[in-house]
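Colleague: This is the structure, below, for whatever I ask next.
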Amino acid sequence: MILVDTLPLYRRITLNRPDRLNALMPEMADAMISALDDAQADESCRAVLLTGAGRGFCAGQDLTAIVDAGPDDIADLLDSYHPVIEKIRELPLPVVAAVNGVAAGAGCNLALACDIVVAARSASFVQAFSRIGLVPDCGGTWFLPRLVGTARARALMMLAEPVTADIAAEWGMIWRAVDDDRLMPEAQALIERLASGPTVALGLIKQALDESGDNDLADQLDLERDLQIEAAETPDHAEGVRAFLEKRAPVFSGRRD
Ligand code: T3D
């Protein structure tokens, strides 16, 4: 249901049920958690790329599996999916989503959980939940208002209208929309750049941004101070400064010490 490729410096996870636009099943979520755990445990892995096989990125919950679902089944499903969202956010590595086609329902929010989202121009994003009488889950009500503001988030969720990749980029929902044939080359260049970066600092940037939502300025300044001390102790900080002074490109190891 997913493919995991171990590439130099990064992992590529491909959602792989193309005949159903990569609609989600709990087994896929379990496999994603394992793949992300493996990525974190492997010191040579410094970034993760998430994409979909075929013409879709992810159509959200597989609706054929919930025709007769009761409240307990729904709770079980979300107990499978929500840890994936938390794992992506807590992973101390950059996670890039290369959105190759439609991202609907939980599939849309899976993409929005990633650190950087680049989408093919023909892709679209849709909070499809209200079409089937559901509430956005997988972090949608947390991510979307923070990305695009409450006016747009409310309308997108209540109307369940698709947003094109270009509009998503214009609204700040995603990083960039690119021509379809440029998606994978652009995503690969991006992930290779991140995977060659100062890995510890990138993980700490992620932490600082995630915690900023709950902090007041004083708390955030304290957090920045703590994280900066941690970053400053890494060899990549020393290398970055040395490279600047020597007028050359830095060679980051990603190591903590
Ligand atoms: O219940 C819970 O609380 C659990 C958690 C839920 C979280 C959710 O994600 S709820 C939202 C679930 N997702 C949806 O409601 C989206 C359903 N799909 C669509 O609206 C459309 O398929 C798309 C807008 C995504 C794409 O439209 P289009 O026209 O490009 O493709 P299509 O023809 O509709 O779909 C292609 C095939 O994929 C088709 O199968 P077929 O006819 O060729 O055999 C279609 O049935 C299948 N497919 C698409 N989405 C799903 C799906 N099969 C199962 N589940 C899907 N979600």
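Colleague: To the nearest 20 debye, what is the magnitude of the charge dipole of the range 199-245 about its Cα centre, counting +1 on the Cβ of each Lys and Arg and -1 on the Cβ of each Asp and Glu?
Modeller: 340 debye
Colleague: Dipole of the chain (Lys/Arg Cβ +1, Asp/Glu Cβ -1, origin at the Cα centre): which of LEU221, GLY240, LEU91 lies farthest to the positive side?
Modeller: With unit charges placed on the Cβ atoms, the residue in question is GLY240.
Colleague: Sort MET158, MET28 by accessible area with a 1.4 Å probe, largest first.
Modeller: MET158, MET28
Colleague: Can I ask one more? Can you compute the charge dipole magnitude of the chain about its Cα centre, using +1 on each Lys and Arg Cβ and -1 on each Asp and Glu Cβ, nothing else charged? Give it in debye, rounded to the nearest 20.
Modeller: 1000 debye
Colleague: Using alpha carbons only, how many angstrom separate the centre of the range 184-257 from the centre of the range 30-109?
Modeller: Spelled out, the Cα-based centre of one part sits 25 Å from the other.
Colleague: Separate question: Quick one: angle between helix 199-212 and the longest Cα principal axis of the chain, in degrees between 0 and 90, rounded to 10, please.
Modeller: Rounded to the nearest ten degrees, it is 60.
Colleague: Once you have all Cα-Cα distances for the chain, histogram them in 5 Å bins from zero and send the whole-percent values.
Modeller: Pair shares across the bins are 1, 6, 13, 17, 18, 17, 13, 8, 5, 2, 1, 0, 0, 0.
Colleague: Solvent-accessible area per residue for the chain at a 1.4 Å probe radius, Å²? Write out the running numbers ahead of the final one.
Modeller: Working: 13060 Å² over 257 residues.
Accessible surface, normalised per residue, equals 51 Å².
Colleague: In addition: Run a plain Debye calculation on the range 117-220 (Cα atoms as equal point scatterers, no solvent) and give log10 I(q)/I(0) at q = 0.16 Å⁻¹, rounded to two decimals, same order as the q list.
Modeller: -0.89
Colleague: Ok, one more. Under the definition of Cα pairs under 8 Å and six or more residues apart, what whole-number percent is the relative contact order of the range 127-170?
Modeller: Answer for the range 127-170 is 46 percent.
Colleague: Provide the percentage of antiparallel DSSP beta bridges, counting only those with both residues in the chain; round to the nearest 5.
Modeller: The answer is about 30 percent antiparallel.
Colleague: Okay, next question. If the viscosity is 0.692 mPa s and the temperature 37 °C, what translational diffusion coefficient in µm²/s does Stokes-Einstein give for the range 199-257 when Rh comes from Kirkwood over Cα pairs? Mind showing how you got there, number by number?
Modeller: Details: Rh = 12.4 Å.
Here the translational diffusion coefficient equals 266 µm²/s.
Colleague: Given a 1.4 angstrom probe, I'd like the percentage of the accessible area of the chain that is carbon and sulfur, rounded to a whole number. If you can, show how the numbers build up before the last one.
Modeller: Details: 7110 of 13060 Å².
With neighbouring chains kept in place, the figure for the chain is 54 percent.
Colleague: In degrees from 0 to 90, rounded to the nearest 10, what is the angle of the helix 71-90 Cα long axis to the longest principal axis of the chain?
Modeller: Approximately 20 degrees, to the nearest ten.
Colleague: May I pose another question? Which order, highest average first, do 93-101, 16-24 follow once you tally other Cβ atoms within 10 Å for each residue and take the mean per peptide?
Modeller: Ranked by mean Cβ neighbours within 10 Å, highest first: 93-101, 16-24.
The values are calculated or read from the model by the stated rules, or taken from the named source; none is laboratory data. All values reported here derive from a predicted model rather than from experimental measurement. Note that each Cβ is placed from the backbone with ideal geometry, even for glycine, and that neighbours are counted across all protein chains shown. SASA here: full protein model, heavy atoms, side chains in, ligands and nucleic acids out. Shrake-Rupley method; radii C 1.70, N 1.55, O 1.52, S 1.80 Å.
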